[in-house]
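The values are calculated or read from the model by the stated rules, or taken from the named source; none is laboratory data. No experiment lies behind these values; they were computed from the predicted model shown. A quick note on method: Cβ atoms are made from the backbone with ideal geometry, for glycine too, and the neighbour counts reach across all protein chains shown. Each accessible area value is taken on the protein alone, full model and side chains, heavy atoms only, with ligands, DNA and RNA left out. Shrake-Rupley method; radii C 1.70, N 1.55, O 1.52, S 1.80 Å.
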Amino acid sequence: MGENTSGRVVHHKRESCLSLEEFVERAPDLTAGERIAVREILESIAEGGREVSRRLALGPLHGLTGSAGQVNVQGEEVQAFDEIAQEVFSGLLGASGRVSVLVSEEREKPDVFPCPSESFLMAMDPLDGSSNLAVSGPVGSIFALYRPGEGDDDPSRAILRATRDVVCAAYVLYSVSTLMVVAFREEVRMYALDPASGRFMPLPGPVRFPDGGGQIVSINTGNYTRWERGIQSYVDTLHSRSSWSARYVGALVMDFHRNLLKGGIYIYPGDLPRGSGGGHPEGKLRLLFEAIPMAFIARAAGGLATNGQKPILDLPATHIHQRVALVVGSRELVQEFSRIAGAPEPV
Ligand code: AHG
Ligand code: MN
Ligand code: MN
């Protein structure tokens, strides 16, 4: 249900909308206990998303759009809202009794929480694109839920071992509206926050990359001189064409979301140290907090994700804050990238 421009309420076709509860109910491969746990975790994410959204809207009035005056474990400047979102989500997820280990871009070590019954391991980027806050630009929160393996008490080792067993991934996009996008193995669903009721209302779905793959490319071409030749060739090829569009806001959640709905590809390659910038030959984005969840969502929506060599979802994780090159988007565009950049075809 929604309101059209004349203020009339629009009823989306009922059968194409699934409440969060209904979506979890039909998710594949979950035991009854896991289903309850996943539902409660998603409810915690929804509650956190609502709270972060509310506080973001007031950020400029409270002088909360700048730095927190610290540097995080990634060596990056912490924004006040990185810390606020961290506290909101870790408080709710910890209290849910359903997340036994939580790793975050903003914390060096895992948080461990007591869980009386079925629980999951979780990785999150509590606030993605936080440099956009200074200009009231879009930001997001990213989550992945992993099934715990057997017999590993060390929380870091447990989550590194579990990264190939993603059960569910989600992001919250704080933009003109606040959206929550949730994926299980083969299906992606989208919800919009109704600020009046505080509820995330289902939008028609499932969400899939459009047929044909689209024509949008999101890449920071300011790094051109620091890329390897294959990436430069890809961008050179685009420039010789008339039928493509460049779109980049510098927040993965927003750039990915646009490409998911309109058809496109997001690329953050490794960049070699040259001049005063660069120096992430392995890529800037984080495997656990950004690449794996987006790769899982992309695959469930019919797309692909690779680091240029291998599918993201097949990469072994060696440490929590591991960085990776990320190419993610519609199947056609990721396959074309691989052909032009000379990377092996992703499957
Ligand atoms: P975060 O705010 O969590 O550190 O993530 C920022 C990431 C990603 O969201 C975005 O696409 C990318 O960094 C932008 O990087 P550049 O400014 O180097 O293009
Ligand atoms: Mn991020
Ligand atoms: Mn972040």
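A few remarks follow.
- With respect to (1) surrounded by 18 or more Cβ atoms within 10 Å (Cβ to Cβ); (2) within 28 Å of Gly198 (Cα to Cα); (3) basic (Lys, Arg), the lone exception for Arg161 is condition (2).
- Pick from region 174-214, criterion polar (S, T, N, Q) and touching a strand residue (DSSP E or B) at 6+ places or on another chain (Cβ under 6 Å), ranking: least open to solvent (accessible area, probe 1.4 Å): Thr178
- If the condition is being at pLDDT below 95 and part of a helix (DSSP H, G or I), then region 1-23 contributes Arg14, Glu15, Ser16.
- If you check Arg26, Arg50, Arg55, Arg35 for being within 26 Å of the chain's Cα centre (by Cα), modelled with pLDDT of 90 or more, surrounded by 14 or more Cβ atoms within 10 Å (Cβ to Cβ) and farther than 20 Å from Gly140 by Cβ, only one passes: Arg35.
- Sub-9 Å Cβ pairs linking a first residue in region 73-95 that is away from ligand 3 (no atom under 13 Å from the Cβ) and open to solvent by 40 Å² or more (accessible area, probe 1.4 Å) to a second residue that is not in a helix (DSSP H, G or I) and not aromatic (Phe, Trp, Tyr), at least 6 apart or interchain, are Glu87/Pro126, ordered by first then second residue.
- Checked against (1) surrounded by 24 or more Cβ atoms within 10 Å (Cβ to Cβ); (2) in contact with a Ser or Thr (Cβ under 6 Å, 6 or more places away or on another chain), Gly329 passes all but a single condition, namely (2).
- Residues being farther than 15 Å from Ser218 by Cα, within 13 Å of ligand 1 (Cβ to nearest atom) and free of Cβ contacts under 8 Å to residues at least 40 places away in the same chain - total across region 247-283: 1
- Filter pass, Glu118 being outside the structural domain of Ser242 (by TED's automatic domain parsing), surrounded by fewer than 14 Cβ atoms within 10 Å (Cβ to Cβ) and away from ligand 1 (no atom under 16 Å from the Cβ): no
- Asp255 being open to solvent by less than 10 Å² (accessible area, probe 1.4 Å) and more than 16 Å from ligand 3 (Cβ to nearest atom): no
- Filtering Ala85, Ala158 for residues that are farther than 30 Å from Gly69 by Cβ, part of a helix (DSSP H, G or I) and either touching a Pro at 6+ places or on another chain (Cβ under 8 Å) or among the acidic types (Asp, Glu) (or both) leaves a single hit, Ala158.
- Conditions (1) open to solvent by 50 Å² or more (accessible area, probe 1.4 Å); (2) within 15 Å of ligand 1 (Cβ to nearest atom); (3) part of a strand (DSSP E or B); number of the one not met by Ile142: (1)
- Verdict on Glu106 being within 16 Å of ligand 2 (Cβ to nearest atom) and either of a type outside the set (Val, Ile, Thr) or not in a loop (DSSP other than H, G, I, E, B) (or both): yes
- Any hit, region 268-281, residues being under 13 Å from the mean Cα position of the chain (by Cα), closer than 30 Å to Val176 by Cβ and not assigned by TED's automatic domain parsing to the domain that holds Phe143: no
- Hey, Ile265 in contact with a helix residue (DSSP H, G or I) (Cβ under 6 Å, 6 or more places away or on another chain), open to solvent by 30 Å² or more (accessible area, probe 1.4 Å) and either of a type in the set (A, V, I, L, M) or in a loop (DSSP other than H, G, I, E, B) (or both) or not: no
- Test: residue in region 125-136 that is crowded, with 24+ Cβ neighbours inside 10 Å, part of a strand (DSSP E or B) and more than 8 Å from ligand 1 (Cβ to nearest atom): yes
- Across region 148-158, the qualifying residues are those that are buried (at least 17 other Cβ atoms within 10 Å of the Cβ) and of a type outside the set (Gly, Ala, Ser), and the one among them that is nearest to ligand 3 (Cβ to nearest atom) is Pro155.
- Among all positions in region 294-316, there is at least one residue which is within 20 Å of Gln74 (Cβ to Cβ), buried (at least 18 other Cβ atoms within 10 Å of the Cβ) and within 16 Å of ligand 3 (Cβ to nearest atom).
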